[in-house]
1. Sequence neighbours fewer than 8 away in the same chain don't count; with that in mind, list the aspartates and glutamates whose C-alpha is under 17 Å from Lys150.
2. Could you list, in their original order, any pairs among Lys18/Lys101; Lys99/Lys134; Lys72/Lys133 whose Cα atoms are separated by more than 26 Å?
3. Share of antiparallel DSSP beta bridges in the chain, in percent to the nearest 5?
4. Go through Gly131, Ser109, His66 and say which Cα lies farthest out towards the positive end of the charge dipole of region 48-132; charges sit on Cβ, +1 for Lys and Arg, -1 for Asp and Glu.
5. Please list, or write none, the aspartates and glutamates whose alpha carbon is within less than 15 Å of the alpha carbon of Lys39, excluding same-chain residues fewer than 8 places away.
6. Could you list log10 I(q)/I(0) for the chain at q = 0.10, 0.11, 0.20 Å⁻¹, which the Debye formula gives when each Cα is one point scatterer?
7. For Lys17, go through the aspartates and glutamates and keep the ones whose alpha-carbon is under 18 Å away, minus same-chain ones fewer than eight residues off.
8. Can you give the Rg/Rh ratio of region 1-90, where Rg is from the C-alpha atoms and Rh is the Kirkwood radius?
Amino acid sequence: MSDEHEYLTKEKFEEFKKELEHLKTTRRKEVAQNLEYAKGLGDLAENAEYHEARDTQAAVEDRIAHIERILKLATIISTHETSAVSIGSAITVLKDGEKDKRTFTIVGSEEADMSAGKISVKSPLGAASLGKKKGESFSFTSPSGTMIYKITDIK
């Protein structure tokens, strides 16, 4: 996994750093206080508050480890105008057989949000579009069959 990258915009990278700082300082303290309170309630074997606090602690520690991994593997991307599709490109595509064009931004998997028009570089459409130029067509296989798209614009 050492050659694996997490592609992030500078904004998302900073957002993760802030979340990590909050989890390590504020959230860890809150969870520790909840654990201490729950321990004081008595028998740990049948203490629902204690078990809930332990589950929360595990979730917080998992999130911390996940964010630390992302930041360690992060490659910062920037939106830029280019002649070929790359990570950070905003592409306008036309699906074969349709009249309406769609615009997507190619981002890392941690930033993918279809409702915001951000697709992962690891998605079939994202991966198949990499390196393509304006006017080029490309295809990929989806659960519905082979999809064919044409790139009408790259920003």
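Since every read-out is calculated from the coordinates, none of them should be taken as a lab result. Values in this document were obtained by computation on a predicted structure and should not be read as measured data. Here the Cβ positions follow ideal geometry from the backbone for every residue, glycine too, while neighbour counts run over all protein chains shown.
1. Counting by Cα, and skipping residues close in sequence, Lys150 has these aspartates and glutamates nearby: Asp96, Glu98, Asp100, Glu136.
2. On the way: Lys18/Lys101 36 Å; Lys99/Lys134 17 Å; Lys72/Lys133 31 Å.
Lys18/Lys101; Lys72/Lys133, as the Cα separations exceed 26 Å there.
3. Values: 18 of 25 bridges.
Antiparallel bridges make up about 70 percent of those DSSP assigns within the chain.
4. Projecting each Cα onto the dipole axis, the largest value belongs to Gly131.
5. Glu30, Glu49, Glu52, Asp55
6. Relative scattering, expressed as log10 I(q)/I(0), comes to -0.53, -0.60, -1.15.
7. The qualifying aspartates and glutamates are Glu6, Glu61, Asp62, Glu68, Glu110, Glu111.
8. Working: Rg = 19.2 Å, Rh = 15.7 Å.
Radius of gyration over Kirkwood radius for region 1-90 works out to 1.22.
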